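The values are calculated or read from the model by the stated rules, or taken from the named source; none is laboratory data. No experiment lies behind these values; they were computed from the predicted model shown. For neighbour counting, all protein chains shown are included, and Cβ atoms are generated from backbone atoms with ideal geometry for every residue, glycine included. Side chains are part of the model used for accessible areas, which takes the heavy atoms of the whole protein and leaves out ligands, DNA and RNA. Shrake-Rupley method; radii C 1.70, N 1.55, O 1.52, S 1.80 Å.
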Amino acid sequence: ITIYVPRDSTALALGADDVTKAIMVEAVRRGVDLRIVRNGSRGMFWLEPMVEVDTPDGRTAYGPVSKEDVTVLFDADFIHGGTHSLSLGLTEEIAYLKKQERLTFARVGITDPVSLDDYLAHEGYAGLQRALGMTADGIVQEVLDSALRGRGGAAFPTGIKWKTVLGAQAAQKYVVCNADEGDSGTFSDRMVMEDDPFMLIEGMTIAGIAVGATHGYIYVRSEYPHAIAALNEAIENAGKAGYLGPNILGSGKTFQLEVRKGAGSYVCGEETALLESLEGKRGIVRAKPPLPAIEGLFGKPTVINNVISLATVPLIMARGAAFYKDYGMGRSRGTLPLQLAGNIKYGGLVEKAFGVSLRELLIDFGGGTANGRAIRAVQVGGPLGAYLPESQFDTPLDYEAFAAIGAALGHGGIVVFDDRVDMAKQARYAMEFCAVESCGKCTPCRIGSTRGVEAVDQIIANQNRPQQIHLLRDLCDLMLHGSLCAMGGMTPFPVLSALNHFPEDFGADTAQKA
Ligand code: NAI
């Protein structure tokens, strides 16, 4: 009998370790022989800790399970799939999961994250095996053909980035994974690292072989201790089995991988600040050009990609570019792991092909707000993403469609606010966030954000509203066009969207667009 209890931090935060202990104690007491696998999370957070049991029909789920439920679950013979009020039926049949298109997250929640055998039994390393038989140009061409775009938020074609690094001449090149997932309401990178770390390791190895880099770094935010532990364990296991290190699988290729921990700075998720931090310096943004692809880590050509971008590569290599490209709409191909957060009934991870509407995500998957009130605004793409009003909920999730309404999909974080939200306060928060997190290198971001907080404060206090709104728009214009990176450059998105879509919160008559 095999029982699955997730080791993902969401489940841990909700008592998964206590549940595991209680199951073990109860099994011993009843003389039942069972094996507990600490799997990843399926991403249905309101059901965590979600316990699964292998049955002849497939895995059956129970949740949310607390340690107090365990005795009664045993009484109900859950270890043979018996029914109980916490029964959720066959896991794969739960509508929230069934309606998804899980490509990158196909294994997440199914396998033991740090078991190489489990990974290999679920299509793991099929991509690397294929890549080892290809030329560097061939691998890069496959990524280009898949139309994969950077999932960190900027949506730059991954294949073009790799091609630039492949073409750069240097004795040493690097692959860096940006795992400084700092956007509010996002957790897809974390889930990959905690729940399927070999997939990221495999993607980075393929990247190294493709561009001729022998060394890779994963820069993980310090707030993700479980991700760091899982990655280190998986790296060790992969190395012992010959999937990492010198002479990978007898191919003569070398790729070494190290995990580095950040120190809690949001701007260190900006790629050049991240590189500075990796080099042991203060995380201050570098001017671009030169691009990291030409002069990156320690001045060498560097592939720097987000976790999801790299984690998607093994599947593309294993199944072929055409398979991946077949999903999606327009120039947004494949799938995006969306993260439903904030005031939402069914928060969690939803991987869907591009083209799904915000309304489908919020209502069909999310079930509306957790407290049943009306949704007033949704912030998409992190703290620097735009706030969308209900009239824009039918926008398809597509990079270009979002850009057309002055919004950004970013890293796929969706944070929901109900009808009690004060949008002027949200605008103030965006400016304050920028003021706190700015690296200070450029003036529009460093000074503009502080002046922005002051302007919003005056608007809220109803002092010189028309002039202050004019000033706020002026500051936004300056920050948008004059900042060195996306920190200052994107702060205007939440501010302007709040002003434009919710003028009544800024003193309606005066807030209209000039
Ligand atoms: P960017 O558009 O400047 O660059 C995108 C990427 O393409 C970079 O890696 C850049 O080096 C590379 N690139 C550009 N031209 C290239 C060329 N010709 N050859 C090779 N590589 C090339 O955008 P940036 O500043 O890197 O990212 C901004 C985005 O970050 C925002 O759109 C936002 O959504 C996202 N973001 C994500 C966060 C997260 O937690 N995941 C947090 C904050 C922002």
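What to note about this one:
- For region 91-114, the set of residues classified as without any contact (Cβ under 8 Å) to a residue 60 or more places away in the chain and surrounded by 16 or more Cβ atoms within 10 Å (Cβ to Cβ) consists of 91, 94, 97, listed by residue number.
- Residue 403 within 16 Å of the ligand (Cβ to nearest atom), open to solvent by less than 30 Å² (accessible area, probe 1.4 Å) and outside the structural domain of residue 150 (by TED's automatic domain parsing): no
- Scanning region 159-189 for residues that are over 30 Å from residue 416 (Cα atoms), near the ligand (Cβ under 10 Å from one of its atoms) and polar (S, T, N, Q) returns a single hit, 164.
- Unmet requirement for residue 327, which otherwise passes all of (1) open to solvent by 20 Å² or more (accessible area, probe 1.4 Å); (2) within 29 Å of residue 440 (Cβ to Cβ): (2)
- Qualifying helices (runs of 4 or more DSSP H) (wholly inside region 441-514; at least 2 residues being within 16 Å of the ligand (Cβ to nearest atom) and closer than 21 Å to residue 421 by Cβ): 492-501
- In region 248-275, the residues that are touching a strand residue (DSSP E or B) at 6+ places or on another chain (Cβ under 7 Å) and among the charged types (D, E, K, R): 258, 260, 261, 271
- Contacts under 6 angstrom Cβ, first residue in region 383-411 being assigned to a helix (DSSP H, G or I), partner within 11 Å of the ligand (Cβ to nearest atom), 6 or more apart: 399/155; 399/409; 402/408; 402/409
- Residue under evaluation residue 317, criteria (1) open to solvent by 30 Å² or more (accessible area, probe 1.4 Å); (2) assigned by TED's automatic domain parsing to the domain that holds residue 193, criterion not met: (1)
- Counting the residues of region 417-440 that are under 30 Å from residue 346 (Cα atoms) and in a loop (DSSP other than H, G, I, E, B) gives 4.
- Verdict on residue 183 being on the phi < 0 side of the Ramachandran plot and open to solvent by less than 10 Å² (accessible area, probe 1.4 Å): no
- The residue that is least open to solvent (accessible area, probe 1.4 Å), counting only those in region 242-270 that are within 24 Å of residue 115 (Cβ to Cβ) and of a type in the set (Phe, Trp, Tyr), is 255.
- All helices (runs of 4 or more DSSP H) inside region 97-213 with 2 or more residues being under 29 Å from residue 299 (Cβ atoms): 126-132, 136-146, 158-167, 188-195, 197-211
- Tally, over region 242-301, of residues that are closer than 30 Å to residue 491 by Cβ and of a type outside the set (Gly, Ala, Ser): 26
- Restricting region 214-241 to residues that are aliphatic (A, V, I, L, M), in a helix (DSSP H, G or I) and more than 16 Å from the ligand (Cβ to nearest atom) leaves a set whose member that is surrounded by the fewest Cβ atoms within 10 Å (Cβ to Cβ) is 229.
- Top-ranked residue of region 152-173 - restricted to ones that are touching a Lys or Arg at 6+ places or on another chain (Cβ under 6 Å) and open to solvent by 30 Å² or more (accessible area, probe 1.4 Å), ranked as farthest from residue 269 (Cα to Cα): 170
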